[in-house]
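One structure is given below, encoded as C-alpha coordinates.
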Amino acid sequence: MTQWIEKITNAASLEELENLRIDTLGKKGVLTLEFAKMKSVPNEEKKAFAENLNTQKTIITDAIEAKKEILEKEALNKKLEAEKIDVTRFNNEMSCGATHPVVETMDRIIRYFQNLNFAVEEGPLVEDDFHNFEALNLPKYHPARDMQDTFYNKDYTLLRTHTSPVQIRTMLTQNTPIRMIAPGTVFRRDFDITHTPMFHQIEALVVDEADKVSFANLKHVLVEFLQHMFGDVEVRFRPSFFPFTEPSAEVDISCVFCKGDGCRVCSQTGWLEVLGCGIVDENVFKAVGYENKSGYAFGLGVERFAMLIHNIGDLRSLFESDTRLLGQFK
Ligand code: PHE
(Lines give C-alpha, C1' and ligand atoms only; values in the text may rest on other atoms or scores of the structure.)
Protein backbone atom coordinates (compact mmCIF):
# COMPACT_ATOMS: atom_id res chain seq x y z
CA MET A 1 0.00 0.00 0.00
CA THR A 2 2.55 2.61 1.06
CA GLN A 3 4.71 1.54 -1.86
CA TRP A 4 1.84 2.31 -4.27
CA ILE A 5 1.24 5.71 -2.68
CA GLU A 6 4.95 6.43 -3.04
CA LYS A 7 4.87 5.43 -6.71
CA ILE A 8 1.84 7.64 -7.32
CA THR A 9 3.42 10.62 -5.59
CA ASN A 10 6.59 10.20 -7.64
CA ALA A 11 4.87 9.67 -10.98
CA ALA A 12 6.68 11.81 -13.52
CA SER A 13 3.96 11.98 -16.16
CA LEU A 14 0.23 11.67 -16.65
CA GLU A 15 0.94 8.53 -18.65
CA GLU A 16 2.83 6.93 -15.78
CA LEU A 17 0.03 7.92 -13.40
CA GLU A 18 -2.59 6.33 -15.64
CA ASN A 19 -0.57 3.10 -15.70
CA LEU A 20 -0.45 3.15 -11.89
CA ARG A 21 -4.24 3.60 -11.81
CA ILE A 22 -4.64 0.53 -14.04
CA ASP A 23 -2.17 -1.43 -11.88
CA THR A 24 -4.16 -0.68 -8.71
CA LEU A 25 -7.81 0.05 -9.53
CA GLY A 26 -8.00 -1.42 -13.07
CA LYS A 27 -9.75 -4.66 -14.02
CA LYS A 28 -6.69 -6.69 -13.07
CA GLY A 29 -5.35 -4.17 -10.55
CA VAL A 30 -4.02 -5.32 -7.19
CA LEU A 31 -6.95 -3.83 -5.26
CA THR A 32 -9.52 -5.22 -7.66
CA LEU A 33 -7.94 -8.62 -7.21
CA GLU A 34 -8.10 -8.18 -3.41
CA PHE A 35 -11.81 -7.42 -3.66
CA ALA A 36 -12.20 -10.68 -5.60
CA LYS A 37 -10.87 -12.55 -2.56
CA MET A 38 -14.01 -11.48 -0.62
CA LYS A 39 -15.74 -14.68 -1.62
CA SER A 40 -13.25 -16.85 0.28
CA VAL A 41 -13.13 -14.67 3.39
CA PRO A 42 -15.04 -16.18 6.38
CA ASN A 43 -18.34 -14.40 6.97
CA GLU A 44 -17.45 -12.90 10.36
CA GLU A 45 -14.31 -11.27 8.82
CA LYS A 46 -16.02 -10.04 5.65
CA LYS A 47 -17.08 -6.67 7.11
CA ALA A 48 -13.63 -5.72 8.42
CA PHE A 49 -12.00 -7.01 5.23
CA ALA A 50 -14.28 -4.92 3.04
CA GLU A 51 -13.90 -1.79 5.15
CA ASN A 52 -10.16 -2.09 5.03
CA LEU A 53 -10.18 -2.52 1.24
CA ASN A 54 -12.56 0.40 0.77
CA THR A 55 -10.32 2.65 2.85
CA GLN A 56 -7.33 1.61 0.77
CA LYS A 57 -9.29 2.25 -2.40
CA THR A 58 -10.26 5.75 -1.21
CA ILE A 59 -6.66 6.60 -0.25
CA ILE A 60 -5.32 5.44 -3.62
CA THR A 61 -8.11 7.17 -5.58
CA ASP A 62 -7.51 10.44 -3.71
CA ALA A 63 -3.74 10.16 -4.21
CA ILE A 64 -4.20 9.60 -7.94
CA GLU A 65 -6.65 12.55 -8.23
CA ALA A 66 -4.33 14.88 -6.31
CA LYS A 67 -1.31 13.89 -8.36
CA LYS A 68 -3.31 14.20 -11.57
CA GLU A 69 -4.17 17.80 -10.74
CA ILE A 70 -0.51 18.63 -10.10
CA LEU A 71 0.69 16.97 -13.30
CA GLU A 72 -2.02 18.65 -15.39
CA LYS A 73 -1.08 22.04 -14.02
CA GLU A 74 2.57 21.37 -14.80
CA ALA A 75 1.71 20.28 -18.34
CA LEU A 76 -0.33 23.43 -18.91
CA ASN A 77 2.45 25.67 -17.62
CA LYS A 78 4.93 23.88 -19.84
CA LYS A 79 2.64 24.39 -22.83
CA LEU A 80 2.14 28.09 -22.04
CA GLU A 81 5.88 28.53 -21.66
CA ALA A 82 6.51 26.85 -25.02
CA GLU A 83 3.90 28.97 -26.79
CA LYS A 84 4.99 32.27 -25.30
CA ILE A 85 5.53 35.00 -27.89
CA ASP A 86 8.59 37.14 -27.37
CA VAL A 87 7.46 40.49 -28.66
CA THR A 88 10.91 41.97 -28.15
CA ARG A 89 12.56 39.57 -30.58
CA PHE A 90 13.79 41.32 -33.75
CA ASN A 91 12.58 39.92 -37.06
CA ASN A 92 15.09 40.50 -39.83
CA GLU A 93 12.63 39.26 -42.42
CA MET A 94 10.14 42.02 -41.72
CA SER A 95 9.55 44.41 -44.61
CA CYS A 96 8.56 47.90 -43.65
CA GLY A 97 7.27 50.78 -45.73
CA ALA A 98 8.66 54.23 -46.38
CA THR A 99 7.11 57.66 -46.32
CA HIS A 100 5.72 58.46 -49.76
CA PRO A 101 7.88 61.15 -51.42
CA VAL A 102 4.86 63.44 -51.85
CA VAL A 103 3.98 63.22 -48.16
CA GLU A 104 7.60 63.67 -47.17
CA THR A 105 7.97 66.75 -49.37
CA MET A 106 4.68 68.17 -48.09
CA ASP A 107 5.79 67.67 -44.47
CA ARG A 108 9.10 69.38 -45.16
CA ILE A 109 7.41 72.42 -46.71
CA ILE A 110 4.81 72.64 -43.93
CA ARG A 111 7.54 72.46 -41.27
CA TYR A 112 9.53 75.20 -43.02
CA PHE A 113 6.61 77.64 -42.93
CA GLN A 114 5.52 76.66 -39.43
CA ASN A 115 8.98 77.70 -38.33
CA LEU A 116 8.25 81.10 -39.90
CA ASN A 117 5.08 81.27 -37.77
CA PHE A 118 2.61 80.50 -40.56
CA ALA A 119 -0.61 78.80 -39.36
CA VAL A 120 -1.82 75.69 -41.17
CA GLU A 121 -5.38 76.04 -42.51
CA GLU A 122 -7.65 73.53 -44.23
CA GLY A 123 -10.70 73.70 -46.45
CA PRO A 124 -13.18 71.25 -48.01
CA LEU A 125 -12.30 69.27 -51.13
CA VAL A 126 -15.83 69.69 -52.45
CA GLU A 127 -16.11 73.43 -52.97
CA ASP A 128 -18.68 75.83 -54.37
CA ASP A 129 -18.32 78.26 -57.22
CA PHE A 130 -18.02 81.23 -54.88
CA HIS A 131 -14.96 80.07 -52.95
CA ASN A 132 -13.17 78.33 -55.84
CA PHE A 133 -13.77 81.01 -58.50
CA GLU A 134 -16.08 83.98 -57.90
CA ALA A 135 -14.41 85.39 -54.78
CA LEU A 136 -11.01 84.84 -56.36
CA ASN A 137 -11.91 87.38 -59.08
CA LEU A 138 -12.87 84.70 -61.56
CA PRO A 139 -16.40 85.71 -62.61
CA LYS A 140 -18.60 83.27 -64.53
CA TYR A 141 -17.74 82.97 -68.21
CA HIS A 142 -14.35 84.57 -67.62
CA PRO A 143 -11.87 82.94 -70.02
CA ALA A 144 -9.35 82.48 -67.17
CA ARG A 145 -11.57 79.67 -65.82
CA ASP A 146 -10.35 77.60 -68.76
CA MET A 147 -6.91 77.51 -67.09
CA GLN A 148 -8.42 74.98 -64.70
CA ASP A 149 -10.24 71.97 -66.10
CA THR A 150 -12.86 71.56 -63.42
CA PHE A 151 -14.71 68.45 -62.21
CA TYR A 152 -18.30 69.64 -61.66
CA ASN A 153 -20.88 67.74 -59.61
CA LYS A 154 -24.58 67.65 -60.52
CA ASP A 155 -25.53 69.85 -57.56
CA TYR A 156 -23.34 72.77 -58.75
CA THR A 157 -20.61 71.94 -56.27
CA LEU A 158 -17.20 71.11 -57.69
CA LEU A 159 -13.91 69.47 -56.71
CA ARG A 160 -11.60 72.33 -55.82
CA THR A 161 -9.12 72.99 -58.62
CA HIS A 162 -6.60 74.71 -56.35
CA THR A 163 -5.99 75.47 -52.67
CA SER A 164 -6.74 79.18 -53.21
CA PRO A 165 -10.35 78.87 -51.89
CA VAL A 166 -8.78 78.36 -48.45
CA GLN A 167 -7.52 81.97 -48.78
CA ILE A 168 -11.15 83.09 -49.05
CA ARG A 169 -12.35 80.88 -46.18
CA THR A 170 -9.57 82.11 -43.91
CA MET A 171 -10.17 85.81 -44.67
CA LEU A 172 -13.94 85.37 -44.17
CA THR A 173 -13.43 83.94 -40.68
CA GLN A 174 -10.30 85.68 -39.42
CA ASN A 175 -8.96 89.16 -39.11
CA THR A 176 -5.54 90.49 -40.02
CA PRO A 177 -2.71 89.91 -39.55
CA ILE A 178 -2.96 86.60 -41.44
CA ARG A 179 0.00 84.35 -42.09
CA MET A 180 -1.18 80.98 -43.28
CA ILE A 181 -0.44 78.04 -45.49
CA ALA A 182 -3.02 75.59 -46.80
CA PRO A 183 -1.72 72.20 -47.88
CA GLY A 184 -4.08 69.77 -49.56
CA THR A 185 -5.47 67.75 -52.41
CA VAL A 186 -6.77 69.41 -55.58
CA PHE A 187 -8.42 68.03 -58.71
CA ARG A 188 -8.29 68.80 -62.43
CA ARG A 189 -9.46 66.96 -65.53
CA ASP A 190 -6.04 66.25 -66.92
CA PHE A 191 -3.94 63.11 -67.33
CA ASP A 192 -0.56 62.82 -69.03
CA ILE A 193 3.13 62.55 -68.15
CA THR A 194 3.07 65.83 -66.17
CA HIS A 195 -0.58 65.87 -65.00
CA THR A 196 -2.74 63.62 -62.79
CA PRO A 197 -6.43 64.29 -62.02
CA MET A 198 -5.56 64.50 -58.31
CA PHE A 199 -2.49 66.23 -56.99
CA HIS A 200 -1.35 68.34 -54.04
CA GLN A 201 -0.78 72.03 -53.59
CA ILE A 202 0.43 74.26 -50.81
CA GLU A 203 -1.07 77.73 -50.72
CA ALA A 204 0.32 80.64 -48.74
CA LEU A 205 -1.36 83.89 -47.79
CA VAL A 206 -0.05 86.85 -45.84
CA VAL A 207 -2.35 89.83 -45.20
CA ASP A 208 -1.90 92.89 -43.02
CA GLU A 209 -2.84 96.58 -42.94
CA ALA A 210 -2.43 98.60 -46.16
CA ASP A 211 1.17 99.07 -47.33
CA LYS A 212 2.54 96.67 -44.74
CA VAL A 213 2.97 93.73 -47.13
CA SER A 214 5.01 94.24 -50.28
CA PHE A 215 6.27 92.36 -53.30
CA ALA A 216 9.75 92.68 -51.75
CA ASN A 217 8.53 90.69 -48.71
CA LEU A 218 7.14 88.01 -51.02
CA LYS A 219 10.35 87.87 -53.01
CA HIS A 220 12.50 87.54 -49.91
CA VAL A 221 10.41 84.72 -48.41
CA LEU A 222 10.35 82.78 -51.68
CA VAL A 223 14.08 83.09 -52.44
CA GLU A 224 14.93 81.89 -48.93
CA PHE A 225 12.39 79.06 -49.17
CA LEU A 226 13.47 77.82 -52.60
CA GLN A 227 17.15 77.83 -51.65
CA HIS A 228 16.25 75.89 -48.51
CA MET A 229 14.45 73.29 -50.63
CA PHE A 230 16.77 73.05 -53.64
CA GLY A 231 20.13 74.25 -52.35
CA ASP A 232 22.25 76.79 -54.15
CA VAL A 233 19.89 77.71 -57.01
CA GLU A 234 19.19 80.98 -58.79
CA VAL A 235 15.62 82.28 -58.49
CA ARG A 236 13.87 84.22 -61.27
CA PHE A 237 10.52 86.04 -61.14
CA ARG A 238 8.71 86.11 -64.49
CA PRO A 239 5.68 88.41 -65.00
CA SER A 240 2.51 86.34 -65.34
CA PHE A 241 -1.22 86.46 -64.75
CA PHE A 242 -3.56 85.11 -62.09
CA PRO A 243 -7.03 86.63 -61.61
CA PHE A 244 -6.55 86.78 -57.80
CA THR A 245 -3.16 88.51 -57.76
CA GLU A 246 -1.92 91.73 -59.33
CA PRO A 247 0.91 91.97 -60.14
CA SER A 248 1.49 88.25 -60.60
CA ALA A 249 4.61 86.25 -61.27
CA GLU A 250 5.68 82.74 -62.03
CA VAL A 251 8.84 81.74 -60.25
CA ASP A 252 11.64 79.71 -61.84
CA ILE A 253 14.74 78.18 -60.31
CA SER A 254 17.91 77.43 -62.27
CA CYS A 255 17.71 73.80 -63.41
CA VAL A 256 18.77 71.49 -60.57
CA PHE A 257 19.94 68.84 -63.06
CA CYS A 258 22.10 70.81 -65.54
CA LYS A 259 22.80 73.84 -63.31
CA GLY A 260 21.42 76.10 -66.04
CA ASP A 261 23.32 74.74 -69.04
CA GLY A 262 20.19 73.31 -70.62
CA CYS A 263 18.99 69.69 -70.57
CA ARG A 264 15.97 67.50 -71.33
CA VAL A 265 14.22 68.22 -67.98
CA CYS A 266 14.34 72.02 -68.40
CA SER A 267 13.69 71.78 -72.18
CA GLN A 268 17.12 73.33 -72.82
CA THR A 269 16.05 76.59 -71.11
CA GLY A 270 18.19 76.19 -67.98
CA TRP A 271 15.14 77.12 -65.85
CA LEU A 272 12.40 75.17 -64.05
CA GLU A 273 9.05 76.76 -63.19
CA VAL A 274 8.14 75.93 -59.58
CA LEU A 275 5.31 78.16 -58.40
CA GLY A 276 2.87 81.02 -58.97
CA CYS A 277 2.58 84.11 -56.80
CA GLY A 278 1.55 87.73 -56.57
CA ILE A 279 0.11 90.61 -54.60
CA VAL A 280 -3.49 89.96 -53.54
CA ASP A 281 -5.89 91.62 -55.99
CA GLU A 282 -8.17 94.38 -54.61
CA ASN A 283 -11.21 92.48 -55.96
CA VAL A 284 -10.39 89.52 -53.69
CA PHE A 285 -10.31 91.81 -50.64
CA LYS A 286 -13.63 93.30 -51.78
CA ALA A 287 -15.20 89.83 -52.03
CA VAL A 288 -14.36 89.05 -48.38
CA GLY A 289 -15.18 92.53 -47.07
CA TYR A 290 -11.60 93.62 -46.32
CA GLU A 291 -10.70 97.32 -46.64
CA ASN A 292 -7.29 98.98 -46.54
CA LYS A 293 -5.33 95.73 -46.51
CA SER A 294 -2.27 94.52 -48.36
CA GLY A 295 -1.12 90.99 -48.91
CA TYR A 296 0.72 88.43 -50.97
CA ALA A 297 -0.11 84.87 -51.94
CA PHE A 298 1.58 81.98 -53.63
CA GLY A 299 0.73 78.43 -54.58
CA LEU A 300 2.94 75.49 -55.45
CA GLY A 301 2.54 71.91 -56.69
CA VAL A 302 3.93 69.42 -54.18
CA GLU A 303 4.43 66.65 -56.79
CA ARG A 304 6.54 68.98 -58.89
CA PHE A 305 8.78 69.69 -55.87
CA ALA A 306 9.02 65.98 -55.01
CA MET A 307 9.94 65.10 -58.60
CA LEU A 308 12.68 67.71 -58.77
CA ILE A 309 14.07 66.79 -55.34
CA HIS A 310 14.11 63.03 -56.04
CA ASN A 311 14.71 63.15 -59.82
CA ILE A 312 11.46 61.32 -60.65
CA GLY A 313 10.71 61.41 -64.39
CA ASP A 314 7.02 60.51 -64.68
CA LEU A 315 4.50 62.16 -62.34
CA ARG A 316 2.12 59.21 -62.73
CA SER A 317 4.59 56.82 -61.08
CA LEU A 318 3.88 58.63 -57.79
CA PHE A 319 0.33 57.27 -57.85
CA GLU A 320 0.80 53.73 -59.16
CA SER A 321 1.25 52.21 -55.66
CA ASP A 322 4.27 50.24 -56.87
CA THR A 323 6.19 49.26 -53.74
CA ARG A 324 9.41 49.17 -55.79
CA LEU A 325 9.19 52.95 -56.15
CA LEU A 326 8.53 53.45 -52.43
CA GLY A 327 11.35 51.04 -51.56
CA GLN A 328 13.81 53.54 -52.97
CA PHE A 329 12.86 56.13 -50.36
CA LYS A 330 13.61 54.18 -47.17
N1 PHE B 1 -3.92 78.92 -57.47
C2 PHE B 1 -2.90 79.01 -58.46
C3 PHE B 1 -2.87 77.72 -59.28
O4 PHE B 1 -3.49 76.78 -58.91
C5 PHE B 1 -1.55 79.24 -57.84
C6 PHE B 1 -1.42 80.58 -57.16
C7 PHE B 1 -1.76 80.70 -55.85
C8 PHE B 1 -0.99 81.70 -57.84
C9 PHE B 1 -1.66 81.93 -55.21
C10 PHE B 1 -0.87 82.91 -57.23
C11 PHE B 1 -1.22 83.02 -55.91
O12 PHE B 1 -2.22 77.64 -60.28
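From largest accessible area down, sort 208, 107, 252; use a 1.4 Å probe on the protein chains. It would help to have the intermediate numbers written out before the result.
Values: 208 30, 107 65, 252 5 Å².
Greatest to least solvent exposure: 107, 208, 252.
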TODO: Specify the inter-centroid distance of the range 314-330 and the range 1-53, based on alpha-carbon positions, in whole Å.
DONE: 77
- [ ] Can you tell me the dipole magnitude for the chain around its Cα centre, using point charges on the Cβ only (Lys, Arg +1; Asp, Glu -1), in Debye to the nearest 20?
- [x] 1120
Task: Residues in the range 26-64 that a label on residue 2 would reach, taking backbone N under 12 Å of a point 7 Å out along Cα→Cβ - done: none
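Answer rounded, prolate or oblate for the chain, using the Cα gyration tensor with square roots of eigenvalues a ≥ b ≥ c: rounded when a/c is under 1.5, else prolate when a/b is larger than b/c, else oblate.
The shape class here is prolate.
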- [ ] Pop a pseudo-label 7 angstrom from the Cα along the beta-carbon direction at both residue 27 and residue 48 and give the gap in nm to one decimal.
- [x] 3.4
Task: In the range 133-175, chymotrypsin sites (Phe, Trp or Tyr not before Pro) in a DSSP loop with at most 16 other beta-carbon atoms within 10 Å - done: 141, 151, 156
- [ ] Among the listed pairs 27/67; 27/84; 37/67; 27/79; 47/73, give every one whose C-alpha distance is greater than 31 Å.
- [x] 27/84; 27/79; 47/73
- [ ] Springs between alpha-carbon atoms under 10 Å, Gaussian network over the chain: tell me which of 206, 41, 280 tops the mean-square fluctuations.
- [x] 41
Open item on the list: Considering only protein heavy atoms and a probe of 1.4 Å, how much of the accessible area of the chain is carbon and sulfur, as a whole percent?
Closed with: 51
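So which of 28/78; 7/57; 7/28 end up more than 24 Å apart, counting from Cα to Cα?
The pairs that break the limit, which is 24 Å between Cα atoms, are 28/78.
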Task: Dipole of the range 1-86, positive direction: furthest Cα of 4, 59, 33, with charges on the beta-carbon - done: 33
Open item on the list: Could you report the accessible area of residue 15 in Å², rounded to 10, computed with a 1.4 Å probe on the protein chains as they sit in the structure?
Closed with: 140
- [ ] Excluding residue 56 itself, calculate the net charge of residues whose Cβ lies under 12 Å from the Cβ of residue 56, where each Lys or Arg counts +1 and each Asp or Glu counts -1.
- [x] -2
TODO: Compare 89, 264, 179 in a GNM of the chain, Cα atoms joined below 10 Å, and give the one with the largest fluctuation.
DONE: 89
Task: Per-pair calculated FRET efficiency, R0 = 30 Å: residue 330 and residue 83 via Cβ, rounded to 0.05 - done: 0.35
Open item on the list: For a quick check, take a GNM of the chain with Cα springs below 10 Å and name the residue from 31, 158, 205 with the largest mean-square fluctuation.
Closed with: 31
Open item on the list: What does the charge count around residue 115 come to, taking other residues whose C-beta lies under 14 Å from its C-beta (Lys +1, Arg +1, Asp -1, Glu -1)?
Closed with: +1
- [ ] Would you mind getting the accessible area per residue of the range 101-329, heavy atoms of the protein chains only, 1.4 Å probe, in Å²?
- [x] 50
- [ ] Estimate the FRET efficiency between residue 93 and residue 59 by the formula 1/(1 + (r/R0)^6), using the beta-carbon distance for r and 45 Å for R0, to the nearest 0.05.
- [x] 0.20
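Just tell me, in residue order, which DSSP H segments of the chain are both 18 angstrom or longer along the helix axis (alpha-carbon based) and at least 0.0 in mean Kyte-Doolittle hydropathy.
215-230
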- [ ] Show me 46-57, 166-177 ranked by packing, highest mean number of other Cβ atoms within 10 Å first.
- [x] 166-177, 46-57
Task: Heavy-atom accessible area order for 195, 310, 220, 162, largest first, 1.4 Å probe - done: 220, 195, 310, 162
- [ ] Compute the distance in nm between two label points, each set 7 Å from the Cα along the Cα-to-Cβ direction, one at residue 282 and one at residue 129.
- [x] 2.6
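The values are calculated or read from the model by the stated rules, or taken from the named source; none is laboratory data. Just so we're clear, the structure is a prediction, and the values are computed from it rather than from any experiment. Glycine gets a Cβ as well: all are built from the backbone with ideal geometry, and neighbour counts include every protein chain shown. All accessible areas refer to the heavy atoms of the entire protein, side chains included, with ligands and DNA or RNA removed. Shrake-Rupley method; radii C 1.70, N 1.55, O 1.52, S 1.80 Å.
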